[in-house]
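**Student:** This is the structure I want to talk about, given as structure tokens.
The values are calculated or read from the model by the stated rules, or taken from the named source; none is laboratory data. Since the structure is predicted, the reported quantities are computational estimates derived from the model, not experimental observations. Using ideal geometry, Cβ is built from the backbone for each residue, glycine included, and neighbour counts are taken over all protein chains shown.
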């Protein structure tokens with residue numbers, strides 16, 4: 001055990017830090033460190049207090065990033081993507097790139113050009129280490145191009161089945177709806193998805209893209225989505241999406257016994273009602 005003792009030499013008091021131990025049954029000093037006189041110790045304590053004051057800080061995105069990363073880790077998001085979208089074992093995998101992009105979109109959306117700077121200010125650089133050269137916009141586009149429509153659909157089937165089983169989501173009732181959102185894509189450029197249409201946000205001066213989604217009533221967990229041309233009406237999209245909705249449901253839940261599908265009146269037509277049966 002360490003203690004502080006004082007010794008008097010020539011009418012001056014000096015302090016020492018000593019450690020004692022029993023040797024052959026008798027207490028002995030086994031280590032001794034000179035501390036100085038009282039005023040010297042006081043000066044050292046004062047200097048150490050100043051040194052403990054931070055000179056600068058580096059803020060880092062922590063809470064939301066770590067929470068999303070942990071959820072993705074538990075659900076094996078990276079491994080599932082890599083199972084259906086393979087590449088040479090070099091640098092980050094396709095799944096890792098998609099996870100970084102997804103967390104960025106959820107926490108602080110930026111362009112692909114700015115992701116590297118955002119990443120450097122988050123805990124992801126410790127949780128998912130990557131050199132800055134790996135996070136250039138071109139590297140993101142290169143890896144996104146390796147995701148085929150088939151691999152995306154296979155991943156979504158597997159992921160939807162995983163979350164339904166893991167979280168015991170009820171699929172007896174499902175909710176379907178469609179909407180659209182405007183883009184800033186050049187109105188003169190050719191595009192399959194971005195088209196002039198009835199903008200629900202009243203931006204008739206811009207091209208729009210449609211989005212259809214099927215979710216669970218509990219927590220609105222998405223089980224199916226599809227983007228479609230902005231000039232396609234909701235009822236036409238609903239008719240086209242029904243076969244895919246049925247296919248996704250069968251693959252993740254088996255043959256349906258009794259399912260209630262909720263949708264708004266914009267999709268309500270005789271043929272659409274017949275196709276849902």
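**Student:** Would you be able to tell me the number of residues in the stretch 229-240 that are in contact (Cβ under 8 Å) with a residue 40 or more places away in the chain, touching a strand residue (DSSP E or B) at 6+ places or on another chain (Cβ under 6 Å) and not in a loop (DSSP other than H, G, I, E, B)?
**Tutor:** 2
**Student:** Using the structure shown, decide if residue 99 is modelled with pLDDT of 95 or more, under 27 Å from residue 150 (Cα atoms) and either out of contact with any strand residue (DSSP E or B) (no Cβ under 7 Å at 6 or more places or on another chain) or part of a loop (DSSP other than H, G, I, E, B) (or both).
**Tutor:** Taking the combined requirement at face value, the residue satisfies it.
**Student:** Next question, about the same structure. Given the criterion in contact with a helix residue (DSSP H, G or I) (Cβ under 9 Å, 6 or more places away or on another chain) and buried (at least 18 other Cβ atoms within 10 Å of the Cβ), identify the matching residue among 210, 197.
**Tutor:** Only one candidate qualifies: 210.
**Student:** Next up: Looking at the stretch 244-277, which of its residues are modelled with pLDDT of 85 or more, surrounded by fewer than 13 Cβ atoms within 10 Å (Cβ to Cβ) and part of a helix (DSSP H, G or I)?
**Tutor:** 250
**Student:** Right, here's the next one. Taking the stretch 112-132 as the search range and keeping residues that are touching a helix residue (DSSP H, G or I) at 6+ places or on another chain (Cβ under 7 Å) and not in a helix (DSSP H, G or I), which one is surrounded by the fewest Cβ atoms within 10 Å (Cβ to Cβ)?
**Tutor:** Here the answer is 123.
**Student:** Test each condition in (1) closer than 16 Å to residue 267 by Cα; (2) in contact with a strand residue (DSSP E or B) (Cβ under 6 Å, 6 or more places away or on another chain) for residue 224 and report the one that comes out false.
**Tutor:** The single condition residue 224 does not satisfy is (1).
**Student:** Next up: Would you check which residues across the stretch 133-152 are farther than 19 Å from residue 104 by Cβ and surrounded by 15 or more Cβ atoms within 10 Å (Cβ to Cβ) and list them?
**Tutor:** Passing the criteria: only 151.
**Student:** I would also like to ask the following. Which of the numbered conditions does residue 177 fail, given that it passes all the others? Conditions: (1) outside any loop (DSSP other than H, G, I, E, B); (2) at pLDDT 90 or above; (3) touching a strand residue (DSSP E or B) at 6+ places or on another chain (Cβ under 6 Å).
**Tutor:** (3)
**Student:** Next question, about the same structure. In the stretch 218-239, what residues are within 20 Å of the chain's Cα centre (by Cα) and surrounded by 20 or more Cβ atoms within 10 Å (Cβ to Cβ)?
**Tutor:** Answer for the stretch 218-239, where residues must be within 20 Å of the chain's Cα centre (by Cα) and surrounded by 20 or more Cβ atoms within 10 Å (Cβ to Cβ): 223, 224.
**Student:** Can you name the residue in the stretch 170-188 that is loosely packed, with under 12 Cβ neighbours inside 10 Å and in contact (Cβ under 8 Å) with a residue 12 or more places away in the chain and is also farthest from residue 233 (Cα to Cα) among such residues?
**Tutor:** 170
Let's see how each residue does on (1) surrounded by 13 or more Cβ atoms within 10 Å (Cβ to Cβ); (2) touching a residue at least 60 places away in the same chain (Cβ under 8 Å); (3) in the same structural domain as residue 102 (by TED's automatic domain parsing):
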| residue | (1), (2), (3) |
| --- | --- |
| 156 | yes, yes, no |
| 190 | no, no, no |
| 193 | yes, no, no |
| 202 | no, no, no |
| 216 | yes, no, no |
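**Student:** Checking residue 45 against (1) modelled with pLDDT of 95 or more; (2) over 24 Å from residue 165 (Cβ atoms); (3) loosely packed, with under 14 Cβ neighbours inside 10 Å: exactly one of these is not met. Which one?
**Tutor:** Result: residue 45 passes all but (1).
**Student:** So how many residues does the stretch 158-175 have that are in contact with a helix residue (DSSP H, G or I) (Cβ under 7 Å, 6 or more places away or on another chain) and under 13 Å from residue 214 (Cα atoms)?
**Tutor:** So the count comes out to 2.
**Student:** Of the residues 57, 145, which is closer than 22 Å to residue 227 by Cβ and free of Cβ contacts under 8 Å to residues at least 24 places away in the same chain?
**Tutor:** Result: 145 is the single residue among 57, 145 that is closer than 22 Å to residue 227 by Cβ and free of Cβ contacts under 8 Å to residues at least 24 places away in the same chain.
Each row is one residue, and each column tells you yes or no for (1) more than 19 Å from the chain's Cα centre (by Cα); (2) over 22 Å from residue 116 (Cα atoms); (3) at pLDDT below 85; (4) in a strand (DSSP E or B).
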residue	(1), (2), (3), (4)
21	yes, yes, yes, yes
33	yes, yes, no, yes
39	yes, yes, no, no
55	yes, yes, yes, no
65	no, no, no, no
69	no, no, no, no
78	no, no, no, no
95	no, no, no, no
